[in-house]
1. Before we move on, is Ile190 under 30 Å from Val344 (Cα atoms) and either in a loop (DSSP other than H, G, I, E, B) or touching a residue at least 24 places away in the same chain (Cβ under 8 Å) (or both)?
2. Just one of the numbered conditions (1) surrounded by fewer than 20 Cβ atoms within 10 Å (Cβ to Cβ); (2) modelled with pLDDT of 95 or more is not true of His71; which one?
3. Give me a count of the residues in the stretch 580-616 that are in contact (Cβ under 8 Å) with a residue 60 or more places away in the chain and under 15 Å from Leu755 (Cβ atoms).
4. Across the stretch 398-418, what is the total count of residues that are within 19 Å of Leu496 (Cα to Cα), part of a loop (DSSP other than H, G, I, E, B) and more than 34 Å from the chain's Cα centre (by Cα)?
5. I'm checking my understanding of the structure. Among residues of the stretch 35-57 that are among the aliphatic types (A, V, I, L, M) and in contact (Cβ under 8 Å) with a residue 24 or more places away in the chain, which one is farthest from Pro357 (Cα to Cα)?
6. Keeping to the stretch 354-387, report how many residues are in a helix (DSSP H, G or I) and surrounded by 12 or more Cβ atoms within 10 Å (Cβ to Cβ).
7. Which of the numbered conditions does Lys207 fail, given that it passes all the others? Conditions: (1) touching a Pro at 6+ places or on another chain (Cβ under 6 Å); (2) part of a strand (DSSP E or B); (3) within 26 Å of Glu169 (Cα to Cα).
8. Every residue in the stretch 647-689 that is at negative phi, among the small types (Gly, Ala, Ser) and in a loop (DSSP other than H, G, I, E, B), please.
Amino acid sequence: MPPSATRSSDTAPRFWLSGKRHAEQDLFFRQTLEAKGWQQGDEAQWQAAWVTGMPPRTAFKATSPSRVMNHIPGNAALTVKSRLHKGLSELRKRTQRHYGETHPNTERLNFFPRAYEMPHDYPALVEDAAAHPEKRWILKPTNASKGQGVQVLRDPNTAPLTPNWLVQEYVANPHTIRGHKYVLRLYMLIASIDPLRVYLYDQGFAKLASAPWSPDDIDNPFSQLTNPDINALNLDAEIPVEFIDLDRYRHWLREQGHDDQALFDQLHDLATLTALSGVEAMRARSREDSADPRGCYELIGLDCLVDDQLKPWILECNLSPSLGTCAKPEHGGVVEEAVKTGLVQDMIALTGLDQPPRDTATFDAAALAAERERMGGFVPLYPTQDTHRYLPFIGLPSLADYRLAAELAPLSLSFYGQDVSELIDGEQLALYHHASGRYFQLNNSAALIWLLVSEGESIETVMDHLQAASGGQVDADTLASDMWATLSLWWQHGLLAPGDRDTAAFGTFCPARAQPATWHSTLFFDHRRWSISAPQGPVVERITDALAPLLDANDKAPDVSLHILESANGYCLTSDSRVIRSRLHLDDIIPAIIQHCLSHTLSDGQLVLDVVLVSRQEGHVVCIVPSQEAPQAMEALKTVAENNGLALTRGARLSLATPKSLEPLNVPIEGAGFLFQERGPCAGLLWFDADNCDTQEVPSSLESLGALLPLTITSAEPHQGLSPDALTALQQMTQVTRCRARLTSPQVEAVTQWLSQTTLLPPSHAAL
């Protein structure tokens, strides 16, 4: 019913406000409708719902032309970062397959940074990072807001091997305003998904970072991130949160000599293609949730980065974008409030919430014209007079899309068969799709559709043939619906390719990541041979760099096998049919191999210590290197060993009967010269312990024992404790090792000076 300021409370339409929200999230929506005579209702009584976040699935069943919800089921295809990237990637792969890598259609989709979803994309991320060491990466939670958890990732190999994280290629050349990085916040409205209607608001903001941008300042969130919730915490900034509206932004671009219209043409194309990438998922979920497309719309906050070539990149689509005022009045807050107020008012008008509900089954060109008379500041993106520009990406539009677009401008659709064999038996026709292995037996109507469509006949021509074949016994609408259902099935399963595809490029592109070849070698360690295999690439490079002295090309039969495999959670280490370690980062692979091999060097009456040894013929110094001290300590030990002709290896075996001596296991340490060492006395124990503030304190034998226990291997099975005899032997080793030290700082001079007190270096080194 039309709005009226004199409505009684019984007849006034009602709005329902819900979700996890602050008052400002629905302020403009509430104020606009209240000014039109609406009253607040609840989840049972409403004609317009405004939910921050997603409503319960049951709420969608109530949608209709007279009960309108501000969300579309399946919107996660756009608003969850990993799904957005997946949808855009699949759209680009399909376009590549149909048109080729260098076709303009494919190049139009180069507006989203490459991304990897953790944990199952971790091996692919490792390969990409190794092949392109110049790239930088940013880590994001897949479904968080307000910049929570976003950080620049120094080393992509350390990406978390847990779900709900996305590692995205970092656009390293951002355009800046007064030296500050910025992101454009645009507002995209999907007014309906069937027929699809997409708009972009003509206003929005450039959101500035609060600190000047520098490529070397990657750990500073105030220079790298533009989210207002993060920058509001920058107490050192004169303007922590600054918003520049698009009118001023475009004026500034022109003053700088840039073509602002060219940039916004790209932004419009980017927004349209982004919406298209998610529409099929939203349609499928709407059917599943029994939602009426006429009663659902979606306002999305589109965040785009502009690089220094004035090329836009989509970063994310935000569900329920903030409608509160973030900036102070003097820093753009006044304009921000005005823009958001106008945005909501125009959205309510465009969606027809304040109009009599349309209860017709179709949405035609007249309805579209009426909608656009109410669109205010919204710019129509789809459909338009040039809808044909988007047909290569849509492939097969819905029947409602096709009919509406055809009313706006002449439209012709055609397809070809793709990777299909036709099997004929008499008058029966069946199809076999080689790529998927699917088999289709066709009735007479479907056979006629296939024979015409697969040869490139237009959809219009096919319809004419179907009508002629029916002898006028079936109405045109029913024929069109049946034909579209058949075509949709074939398109969904990949049996059809667009009629305007590049036949030279067709079928030459394989979008899936090729699995790396497998590398094989033999690891010779402690008189045992291990066959070892791993995926070619960064993993093999790590193995050959770290374990080169132990790798042997001899063809003798191995005793045991080791395999490094890609898994859904990073890498895993297996031996024959048993998983030894899983959820391995790239940096974890070598330690996992070594620890497994060390655990198999045990014999009765022995202990194995996973320690670093500094050695020469006179004896061995045991070095306890906690993981947090490892990088600095190992560099210091390598330097000392190289300067003084000492061996640096990993792993030692201790006999319970003779705890005064050690047998090196001679595991090489990457970057250190490898010198094979033999059994000798334990000449000292050096402990790098940054937690101890006194560098001169000598640890007691019990303290040393406590530090060694976690590094002691007593069995091939994990979590196996020491026997009384083993504990006694280890304690005796720490007691007879009189030369003990605890260093808080792994400095070369300090290590050299202490070693001069042992038998490894002469006393003259003390002055070095």
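The values are calculated or read from the model by the stated rules, or taken from the named source; none is laboratory data. Please read all numbers here as calculations on a predicted model, not as lab measurements. Here Cβ is always computed from backbone atoms with ideal geometry, including for glycine, and neighbour counts include all displayed protein chains.
1. So Ile190 passes the test.
2. (1)
3. Residues that pass the stated criteria total 4.
4. Within the stretch 398-418, residues that are within 19 Å of Leu496 (Cα to Cα), part of a loop (DSSP other than H, G, I, E, B) and more than 34 Å from the chain's Cα centre (by Cα) number 3.
5. By that ranking, first place goes to Met54.
6. 7
7. So Lys207 meets the others, but not (1).
8. Passing the criteria: Ala657, Ala672, Gly673.
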